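Let me begin by presenting the structure, written as structure tokens, before commenting on it.
The values are calculated or read from the model by the stated rules, or taken from the named source; none is laboratory data. These numbers come from a predicted model, not from an experiment. Here the Cβ positions follow ideal geometry from the backbone for every residue, glycine too, while neighbour counts run over all protein chains shown. Please note that ligands, DNA and RNA were not included when accessible areas were found on the heavy atoms of the full protein model with its side chains. Shrake-Rupley method; radii C 1.70, N 1.55, O 1.52, S 1.80 Å.
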Amino acid sequence: MFASTMQEGELTIARLVEYSRRVFPEAKVTTWTGTESRDMSFSEVGDKAAQLAHALTELGVTRTDRVATFMWNNNEHQVAYAGVPAMGAVLHTLNLRLSPEQAVFIINQADDRVILVDASVAPLLARYLPGTPNVRHVIVVNGPKEALSAPEGIAVHGFDELIAGRPTTFEWPVLDERDPAVMCYTSGTTGDPKGVVYSHRSIWLHSMQVNSTSGMSLGNSDSVLAIVPMFHVMSWGLPFAAMMAGITLVMPDRFLQPEPLLAIMAAEKPTFAAAVPTIWQGVAARLEAAPQDISHLREVVVGGAAVPPSMIRTFDGYGVPITHAWGMTETSPLGSVSRPPFGVDDPDEAFAYRVTQGRFPPSVQARLIGDDGAELPWDGVSSGELEVRGPWITGAYYSPEGNVSDPSKFHDGWLRTGDVSSISPDGFMTIRDRTKDMIKTGGEWISSVELENTVMSNPTVAEAAVVGVPDEKWDERPFVLAVVKDPADADVARQRAFLFERIPRWQVPERWAFVSEVPKTSVGKFDKKVVRAQYAEGAYEVIDAREA
Ligand code: AMP
């Protein structure tokens, strides 16, 4: 038999922890306190990860036990990211913005035994604990343990006291790279949140892609403002990518409003940042009121929801190129990244590529499936449901009775993304809509995302969500929920006039409402489920152009 001569080598988180503390002692995590940053070097992260592993072992945590975090992006969360998977346990990042029912459901389904909680959100967690009988220990971080009042049967510890004086090395167990490392639930915009379990191997491979030039192109000279929460798809993989490449992480903790984010940028001058569009919308509005040079950002990656083309132009104006990316909790999340192809130097030509969701890396296979179940061509026109597969794409959802690959979400080993897309002959994917958000009016489809982008390309509009609402004549018509910059622009006739010049007449919405904010999901995306429900309840003052 002819065989490879190569060695094996387990791709585990423990290796990343040991590598980063030895090779990048100068790199650091630094967390904003409201007025300044507090640093923790990668060597210290490694020391504390080992100390945490000793403490957790003493608390009875063993292989594959779930250790949850209920925390902001900060130094101690990075320690948990390092220590928990390295010791063979599973880090379960809990979303701070879920409803109490969802949080209790998730903690119980994942069977979390230990929870690390930031003192600032301890009162929130305290409300869930009476409903989570299997939680044994809560470790309070960044504040006194008295911040948490827990029901009887749960031991409360202070993080600093718990790890103090313990050895700063740990004999990390030898694991299989396919073992579970981190667990994260989807944000549950449609139905119950679903658990996805990442392996050591999937995280390793994904981190390599994050750092590659076709990914986020990050390295030792970068400092990354990681705004996307560590409880939302592992902050897009940045905590692990940082250990791999010696990237300094700038963490905003709970200071996620535009003003403090700009203060962090002024103080730390990060070279790179990552966040969903709504964050950048807020930052742009603030910059208009209080100009500040942010050109230290050589690039920002924006994804999680469609980036309006107008936003890319706005940030180009600040000297900060936006790179558009697409992904899901189910895809770790890096699925596609838009970088114009080699040779496309003309800015307008490049712009046409930059507004798409981009190309897939080699490890992510993609196909488009039409209504009849047949595969569609990559011709830039045909649109169907996007299906993906690969080593960092989930093949099932977690269930205590055994993981489940429901046919509504999986198709012959491919993940059904629920996103309607088209792909150009040169491999650039464009998301048209979520399958559930497409609007069918008089038998024709309108993409809610494209309509939103057009509404938001009007400079008078700060943000706008579009949903389909029932219509007697056309079955469904688009309804626009908009936020305007100046109250005088809450003028349906003028808003529609802007659209008539840009889209077919039949697509121009009649029903509009103007509000101060569009409802958002727990991860900062437009919450169309809520918009639809509020519309149905009559919660909006709807202006109907047909009645004008
Ligand atoms: P989540 O698991 O919460 O990150 O949500 C994943 C979903 O967000 C995807 O299935 C898409 O519907 C949406 N999404 C993510 N990135 C983009 C993007 N760049 N453009 C449009 N939709 C996106």
Which number in (1) under 28 Å from Val135 (Cβ atoms); (2) at pLDDT 95 or above; (3) of a type outside the set (Ser, Thr, Tyr); (4) within 16 Å of the ligand (Cβ to nearest atom) marks the one condition that Ala155 misses?
-> (4)
Is it true that some residue in segment 290-304 is more than 15 Å from the ligand (Cβ to nearest atom), polar (S, T, N, Q) and under 30 Å from Phe42 (Cα atoms)?
-> yes
Looking only at segment 335-349, and only at residues there that are open to solvent by 10 Å² or more (accessible area, probe 1.4 Å) and within 13 Å of Met216 (Cβ to Cβ), the one that is farthest from the ligand (Cβ to nearest atom) = Arg339
Whichever residue in segment 432-449 is part of a strand (DSSP E or B) and open to solvent by less than 20 Å² (accessible area, probe 1.4 Å) and, among such residues, is farthest from the ligand (Cβ to nearest atom) = Thr441
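Is there a residue in segment 320-331 that is out of contact with any Gly (no Cβ under 9 Å at 6 or more places or on another chain) and either more than 15 Å from the ligand (Cβ to nearest atom) or open to solvent by 30 Å² or more (accessible area, probe 1.4 Å) (or both)?
Taking segment 320-331 first, the residues out of contact with any Gly (no Cβ under 9 Å at 6 or more places or on another chain) are 320-322, 329-330.
Next, only the ones that are either more than 15 Å from the ligand (Cβ to nearest atom) or open to solvent by 30 Å² or more (accessible area, probe 1.4 Å) (or both) stay: 320-321.
So far as segment 320-331 goes, yes, one or more of its residues are out of contact with any Gly (no Cβ under 9 Å at 6 or more places or on another chain) and either more than 15 Å from the ligand (Cβ to nearest atom) or open to solvent by 30 Å² or more (accessible area, probe 1.4 Å) (or both).
When you check Ile247 against the structure, is it crowded, with 18+ Cβ neighbours inside 10 Å, more than 20 Å from the chain's Cα centre (by Cα) and in contact (Cβ under 8 Å) with a residue 40 or more places away in the chain, yes or no? Give the steps one after another, and end with the answer.
Details: crowded, with 18+ Cβ neighbours inside 10 Å: yes; more than 20 Å from the chain's Cα centre (by Cα): no; in contact (Cβ under 8 Å) with a residue 40 or more places away in the chain: yes.
For Ile247, the condition - crowded, with 18+ Cβ neighbours inside 10 Å, more than 20 Å from the chain's Cα centre (by Cα) and in contact (Cβ under 8 Å) with a residue 40 or more places away in the chain - is not met.
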Expected output for segment 518-533 (first residue under 18 Å from Pro258 (Cβ atoms) and within 13 Å of the ligand (Cβ to nearest atom), partner hydroxyl-bearing (Ser, Thr, Tyr) and assigned to a loop (DSSP other than H, G, I, E, B), Cβ below 8 Å, 6+ apart or cross-chain) is Val523/Ser187; Lys525/Ser187; Lys525/Thr189
Residues Ala366, Ala352: which one is among the aliphatic types (A, V, I, L, M) and open to solvent by 50 Å² or more (accessible area, probe 1.4 Å)?
-> Ala352
Hey, any hits in segment 191-212 for a residue that's under 20 Å from the mean Cα position of the chain (by Cα), of a type in the set (Gly, Ala, Ser), away from the ligand (no atom under 16 Å from the Cβ) and surrounded by fewer than 19 Cβ atoms within 10 Å (Cβ to Cβ)?
-> yes
Please report, ordered by residue number, the strands (runs of 3 or more DSSP E) entirely within segment 158-230 with at least 2 residues that are out of contact with any helix residue (DSSP H, G or I) (no Cβ under 7 Å at 6 or more places or on another chain).
-> 195-199
Hey, among the residues in segment 163-191 that are touching a Pro at 6+ places or on another chain (Cβ under 8 Å) and modelled with pLDDT under 95, which one's nearest to Ala14 (Cα to Cα)?
-> Thr186
Tell me, which residue of segment 56-88 that is surrounded by fewer than 24 Cβ atoms within 10 Å (Cβ to Cβ) and without any contact (Cβ under 8 Å) to a residue 40 or more places away in the chain is farthest from Met40 (Cα to Cα)?
-> Thr62
